[in-house]
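**Q** Quick one: structure below, then a few questions.
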Amino acid sequence: MAGITRRLARGAGLLLSLSLMSCGGGDGGGGGLVPSPPVPVAPGPNVVAVLVDAGPVSTTNPTANTLYTTVTVCVPGSITECQSIDHIQVDTGSYGLRILAPVLTLSLPVVMASDGNSLVECTQFVDGYSWGPVALADIQVSDEIATSVPIQVIGASTFPTVPAACSSTGTTAEDTVAAFGANGILGIGVFEQDCGIGCAPPNSMNGFYYSCSAAGCANIAAPLTTQVLNPVPLFAADNNGTILVLPSVAAPGATTVAGSLIFGIDTQTNNASGNQTVLNVDTIYGDFTTTFNGQTLTQSFLDSGTNGLYFNDSSITACPVPTDPAAPSFFGFYCPASTQTFNATLAGVNNTAKTVTFSVGNAQTLATDNPTFTVFPTLAGTYSTSPDSFDWGLPFFYGRRVATAIENRATSVGTGPYVAF
């Protein structure tokens, strides 16, 4: 079962907006280096385009290394009350669809908690939280459709009062498009629910799901079927996982990059497994082990929803805290004098391992020398909250075909949960 505290609080929250990174000089470096052509993906009803760009509020709060797609949502059972929403972040490290209320024009029915009140969720991130009701929607991505899916509507005005137990989980309310960096997030990780048995009966004090009425909100258990659900397992076909395909990007980066999100593994000719390395992940948190620089990091994961590679290495120069409070801060990122290249070995719980090479650039130089760039393949930072973790964020996905197989779903190379590349 999924652990929402692990994926949302450790994965999707590690996002630094480009507006914070890109203050400073530089001439923009021209139009940006051209990424290598992506591995060809045969078109089909199970393929949707994905794009890294400056985001939905690019003029005021541009983003970095954030992968987007377009999702259509409908009132359940309707073919006319529908809305197509772009700049939905694609996240292999979380589960379920979450949409920012300010961009949602539909009136979706709210899911009822077991006591008859409205079911509302507190989604926890590294540096903040998002609060909003669980509602039902039909979801369409490409030609894949899932009906009556519980989703979260973040920042809905009908539930303005956030319980202290939720607001105390972070310093920032991430309930606007500008704060969130996207119009929503599509969680397509290895688990079916966003919390799983940890939030299901009898676990009423789970910290995530609440029963809300005019009198206030209180923690409540949420049955698996009413939790926010990964829509992929609910598709009629192509429902055992996903494959992300992105081209390689040379340092220092590029203005934009485009790729493909393929639904299903070994269900169509365009999603057949090949000779990739399959890493089975643990069934509690979706983790595997990374061996790096003498460290054995047992809480490692692939996460397209993180904008950098996050790990701890005291030998790499960290970006300093600026002496001028008004100056842009790159604190938390690495700033080596020159780009450094490393090797790490990723090993699954099935004892299969693969050594990969990655590079770490100077975050401040990347941003200030190329203020129009949004694609940074060498962006990396520290993981101060978890010394046993290596978060392989979006830079890992550049130049790779990465599969994410859902728990208990079979493919020709094994049964999920696993990741393969």
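**Q** Please go through segment 144-177 and pick out each residue that is touching a residue at least 24 places away in the same chain (Cβ under 8 Å), small (G, A, S) and either assigned to a loop (DSSP other than H, G, I, E, B) or in contact with a Pro (Cβ under 9 Å, 6 or more places away or on another chain) (or both).
**A** Scanning segment 144-177 gives A146, S148, G155, A156, S157, G170.
**Q** Further question on the same structure: Which residues, counting only those in segment 123-143, are open to solvent by less than 40 Å² (accessible area, probe 1.4 Å), modelled with pLDDT of 95 or more and in a strand (DSSP E or B)?
**A** Restricting attention to segment 123-143, the residues satisfying the condition of being open to solvent by less than 40 Å² (accessible area, probe 1.4 Å) are 123-125, 128-135, 137-139, 141-142.
Keeping just the survivors that are modelled with pLDDT of 95 or more gives 131-135, 137-139, 141-142.
Answer for segment 123-143, where residues must be open to solvent by less than 40 Å² (accessible area, probe 1.4 Å), modelled with pLDDT of 95 or more and in a strand (DSSP E or B): W131, G132, P133, V134, A135, A137, D138, I139, V141.
**Q** Considering only segment 363-382, I want to know if a residue exists there that is over 19 Å from N275 (Cα atoms) and of a type in the set (F, W, Y). If you could, list the steps in order and put the result at the bottom.
**A** In the first step, residues of segment 363-382 are kept if they are over 19 Å from N275 (Cα atoms); the result is 363-382.
After this cut, where a residue has to be of a type in the set (F, W, Y) as well, the list is 373, 376.
Checking segment 363-382: at least one residue is over 19 Å from N275 (Cα atoms) and of a type in the set (F, W, Y).
**Q** Still on this structure: Can you pull out the residues in segment 204-217 that are open to solvent by 50 Å² or more (accessible area, probe 1.4 Å) and closer than 23 Å to G93 by Cα?
**A** Once the filter is applied, which keeps residues that are open to solvent by 50 Å² or more (accessible area, probe 1.4 Å) and closer than 23 Å to G93 by Cα, segment 204-217 yields nothing.
**Q** Name the single residue that is least open to solvent (accessible area, probe 1.4 Å) among those in segment 101-122 being among the aliphatic types (A, V, I, L, M) and within 15 Å of P160 (Cβ to Cβ).
**A** V120
**Q** Is it fair to say P76 is in contact with a strand residue (DSSP E or B) (Cβ under 8 Å, 6 or more places away or on another chain) and open to solvent by 30 Å² or more (accessible area, probe 1.4 Å)? Show your work before the answer.
**A** On the way: in contact with a strand residue (DSSP E or B) (Cβ under 8 Å, 6 or more places away or on another chain): yes; open to solvent by 30 Å² or more (accessible area, probe 1.4 Å): yes.
For P76, the condition - in contact with a strand residue (DSSP E or B) (Cβ under 8 Å, 6 or more places away or on another chain) and open to solvent by 30 Å² or more (accessible area, probe 1.4 Å) - is met.
**Q** Here are D86, D53: which of them is among the acidic types (D, E), open to solvent by 20 Å² or more (accessible area, probe 1.4 Å) and farther than 18 Å from P231 by Cα?
**A** Every option except D53 fails the conditions.
**Q** Starting from residues that are over 30 Å from V281 (Cβ atoms) and among the aromatic types (F, W, Y), keep the ones in segment 309-367 and report whichever is surrounded by the fewest Cβ atoms within 10 Å (Cβ to Cβ).
**A** For segment 309-367, the residue satisfying everything is F331.
**Q** Which strands (runs of 3 or more DSSP E) sit wholly inside segment 238-353 and have at least 2 residues that are over 16 Å from T404 (Cα atoms)?
**A** Answer list for segment 238-353: 257-263, 288-292, 295-302, 340-347.
**Q** Additional query: Within the group I79, I85, which residue is assigned to a loop (DSSP other than H, G, I, E, B) and either in contact with a Pro (Cβ under 6 Å, 6 or more places away or on another chain) or over 23 Å from P223 (Cβ atoms) (or both)?
**A** Of I79, I85, the one residue that is assigned to a loop (DSSP other than H, G, I, E, B) and either in contact with a Pro (Cβ under 6 Å, 6 or more places away or on another chain) or over 23 Å from P223 (Cβ atoms) (or both) is I79.
**Q** Which of the residues that make up segment 202-227 are part of a strand (DSSP E or B), within 10 Å of A165 (Cβ to Cβ) and under 26 Å from the mean Cα position of the chain (by Cα)?
**A** Answer for segment 202-227, where residues must be part of a strand (DSSP E or B), within 10 Å of A165 (Cβ to Cβ) and under 26 Å from the mean Cα position of the chain (by Cα): Y210, N219.
**Q** Which one is most open to solvent (accessible area, probe 1.4 Å) among residues in segment 383-421 that are of a type in the set (G, A, S), within 24 Å of N270 (Cβ to Cβ) and in contact with a strand residue (DSSP E or B) (Cβ under 9 Å, 6 or more places away or on another chain)?
**A** Step by step, filter segment 383-421, then rank; the result is A410.
**Q** Which residues, counting only those in segment 275-290, are crowded, with 18+ Cβ neighbours inside 10 Å and of a type outside the set (F, W, Y)?
**A** V278, L279, N280, V281, G286, D287, T289, T290
The values are calculated or read from the model by the stated rules, or taken from the named source; none is laboratory data. This structure is a prediction, so every number in the text was calculated from the model and none was measured. Reconstructed Cβ throughout: ideal geometry from the backbone, glycine too, with neighbour counts over all protein chains shown. Heavy atoms of the whole protein, side chains included, go into the accessibility calculation; ligands, DNA and RNA do not. Shrake-Rupley method; radii C 1.70, N 1.55, O 1.52, S 1.80 Å.
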